[in-house]
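Chemist: Got a structure for you, written out below as structure tokens; questions coming shortly.
None of the figures in this text is laboratory data; all of them are computed from the coordinates on show. Computed from a prediction, not measured in an experiment: that's the story for all the values here. Every residue, glycine as well, gets a Cβ built from its backbone with ideal geometry; the counts of neighbours run over all protein chains shown.
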Amino acid sequence: MTRTASPTHGTDDSALWHARAAVADVTSHDDATVAAACSVIENNSTDPDERDRARDLRVLIEGETA
């Protein structure tokens, strides 16, 4: 099976896929895991809106743990 690019997210490599899964189910993951997932999305997603949402969530989480 060949992976193809998603029209909204570019090539979906393993790290980005797992990061998206963690962010999609934040109640099942600890804050550190979700914050790390957000960083992966910020650094690897080709979708500017997805990167912005990930940054906003990471900032929110980091503010709560500070």
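Chemist: Would you please list the contacts, defined by Cβ atoms under 9 Å and residues six or more apart or on different chains, that run from a residue in region 42-57 that is under 18 Å from Asp25 (Cβ atoms) to a residue that is among the polar types (S, T, N, Q)?
Modeler: Filtered contacts from region 42-57: Glu50/Thr8; Ala54/Ser39; Ala54/Ser45.
Chemist: Can you tell me which residue within region 31-64, out of those that are among the acidic types (Asp, Glu) and closer than 18 Å to His18 by Cβ, is farthest from the chain's Cα centre (by Cα)?
Modeler: Among those that are among the acidic types (Asp, Glu) and closer than 18 Å to His18 by Cβ, it is Asp31.
Chemist: Considering only region 18-66, state which residues are among the hydroxyl-bearing types (Ser, Thr, Tyr) and surrounded by 13 or more Cβ atoms within 10 Å (Cβ to Cβ).
Modeler: Selection gives Thr33, Ser39, Ser45, Thr46.
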